[in-house]
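The structure appears right after this line, and notes come after that.
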Amino acid sequence: MGSEQDETISGGERPDRGADEAPERRTAEAFGQPSAEAPGQPSVGAPAERRPELLGQPPNDMRAALAGFFERRGEPAFRAAQVEEWTFEHGARSFDEMTSLPLELREALATEFSLTPLETETVARARDGTIKHLWRLDDGQRVESVLIPTRDRLTLCLSSQAGCALACRFCATGYFGFRRQLRSAEIVAQYRESRRMARAELGRSISNIVYMGMGEPLANLDEVIGSLRTLHGGFGLGARRITVSTVGLVPGILELARRPEPFELAVSLHAPVHELRLELMPIEKRYPLPDLFAALRTYQSHKNRRISFEYTLIHGVNDEPELARTLADLTYGLTCFVNLIPFNPIPSRPEWRTSSRARIERFSAALSERGVGNAVRRPRGRDIAAACGQLRLASRQSSGQSRREIDAQS
């Protein structure tokens, strides 16, 4: 999703093997339905039997579960508040860290609940301060998150799926195919772990969150909404500081429109005409531009919030000024902003390259002439493969796995 790190991420591209596969099947997989190759595959991470995850419960449900736990043991009610404080304020990874509770209670909590620990596989630090994590989940799947510091904010980019089924041509995550949905607790745990690092190493708190890492957030809607509720209601992050990005899944956009919280919305667009967008993003077949923009107008009528569009500029592919003018016509009547993202070259698409500065400036000027606000994103973390999916790819290749071996596992 998205492009190189600033408040958004981009990356490479799924190999050509995906070009002729049915977008409908990949989209079904993205919504957690079993694929033909893996009948019975669970939609949300194995193992099937696990302890209840505190980070995966809405704060009120978590509070009720803890209250019941302590009541059954004859403990005072304030014990639940202690666990909440350790979970949300201190970001405890394990119950052993909750030292204000007696050891016996900590041991009992550990047998009843889980705090969803993540294993750090790789940490990459860029010269510009960007920090990228590759996390190993409890079933061996890997996902990425990225801390993106700027002068006035610290943004965390989260993953919502292990892999992605949508096969956007410029996205490295699609290279691996879809593995599984992330549970809401696994999404929130990325924030918890990243916040700990930010406080310890940067002396800063995370100010903004963007769901622009691995996967399509609205293809994992229930778990993403669960994570939003925990981040907002549990950790206290302002809804307007959280942005959910989508390639344009209409049902998810309409569901966000119905929700009361004013979360921000970003749309990965990358082309303003059907044929070109279909070439770059197979999801265009299922939700073509007219349907997408009808949903966006409905969303804005409910929320009265500005919509962001992400547009990756690829030399000679989608960076002509005429396309900028078409984009301006397409967005007419919407309160919106366009983030122009220089394409990050990737080995699997050697014929594609980043648009030149002059071409980017012409595209930007054409939008501005039509009254469309826009900005060119400064690439972040390029020296650490910070674009979405690239650190995972680098990790696989450095471990000796060939392109064919990675492809076979997808």
> trypsin sites (Lys or Arg not before Pro), restricted to the stretch 75-142: which are DSSP loop and have at most 13 other Cβ atoms within 10 Å?
Replying inline: 127
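Just add up the charged neighbours of residue 89: K/R +1, D/E -1, any other residue whose Cβ is under 14 Å from the Cβ of residue 89.
Spelling it out: positives minus negatives among the neighbours equals +2.
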> Exactly which GluC sites (Glu not before Pro) in the stretch 103-144 are in a DSSP loop and have at most 11 other Cβ atoms within 10 Å?
Replying inline: none
>> Per residue of the stretch 129-139, what does 6.51 cos²θ - 1.76 cosθ + 1.60 with θ = phi - 60° give for ³J(HN,Hα)? Whole Hz please, x for Gly and Pro, Karplus curve as stated.
In response: x, 5, 10, 10, 10, 10, 9, 9, 8, 5, 10
> Under the definition of Cα pairs under 8 Å and six or more residues apart, what whole-number percent is the relative contact order of the stretch 249-386?
Replying inline: 24
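Pulled fully out, how much extra length does the chain show between residue 329 and residue 139, if you take 0.36 nm times their separation in residues and subtract their Cα-Cα distance?
Details: separation 190, 0.36 × 190 = 68.40 nm, distance 4.67 nm.
Net length gain for the segment: 63.7 nm.
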>> With just the Cα atoms defining each centre, how far is the stretch 279-350 from the stretch 77-148? Give it in Å.
In response: 36
> Long-range amide H contacts for residue 179: which residues qualify at under 5 Å (H placed 1.01 Å from N, peptide plane, sequence gap of 5 or more or a different chain)?
Replying inline: 162, 163, 164
> What list of ³J(HN,Hα) couplings, whole Hz, do you get for the stretch 50-67 from phi and the Karplus terms 6.51, -1.76, 1.60, once you set θ to phi - 60° and write x for glycine and proline?
Replying inline: 8, 5, x, 9, 4, 6, x, 10, x, x, 5, 5, 4, 4, 5, 5, 5, 4
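Before anything else, pin down the relative contact order of the stretch 54-112: Cα pairs under 8 Å, at least 6 apart, normalised by residue count, whole percent.
Values: 30 pairs, mean separation 12.0, N = 59.
RCO, the stretch 54-112: 20 percent.
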> In what order do 253, 187 fall by count of nearby beta-carbon atoms within 10 Å, going from fewest to most?
Replying inline: 253, 187
>> Is there a quick way to get the dipole size of the stretch 106-165? I mean about its Cα centre, with the Cβ of Lys and Arg at +1 and of Asp and Glu at -1; what is the value in debye to the nearest 20?
In response: 420
> Using a Förster distance of 51 Å, how high is the FRET efficiency between residue 258 and residue 104, based on the Cβ-Cβ distance and rounded to 0.05?
Replying inline: 0.65
> Put a dot 7 Å past each Cα toward the Cβ at residue 97 and residue 370; how far apart are the dots in nm?
Replying inline: 4.9
> Scattering from the C-alpha atoms of the stretch 54-112 alone, worked out with Debye: what is log10 I(q)/I(0) at q = 0.16, 0.31 1/Å?
Replying inline: -0.42, -1.67
> Using unit Cβ charges (K, R positive; D, E negative) and no other charged atoms, how large, in debye to the nearest 20, is the dipole of the stretch 227-365 about its Cα centre?
Replying inline: 520
> Given +1 on the Cβ of Lys and Arg, -1 on the Cβ of Asp and Glu, and no further charges, what dipole in debye does the stretch 54-112 carry about its Cα centre, rounded to the nearest 20?
Replying inline: 100
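Residue separation times 0.36 nm, minus the C-alpha to C-alpha distance between residue 337 and residue 84: what's the value?
Once the chain is fully extended between residue 337 and residue 84, it gains 87.3 nm.
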> residue 125 to residue 63: extension gain in nm, 0.36 nm per residue of separation minus the Cα-Cα distance?
Replying inline: 18.6 nm
> Using modelled amide H (1.01 Å from N, peptide plane; none on Pro or chain starts), what sits under 5 Å from the amide H of residue 336, excluding residues fewer than 5 places away?
Replying inline: 307
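Any read-out appearing in this document is the output of simple, stated calculations on the displayed coordinates, not a laboratory observation. A quick note: this is a predicted structure, and the numbers were derived from the prediction, not measured. Glycine gets a Cβ as well: all are built from the backbone with ideal geometry, and neighbour counts include every protein chain shown.
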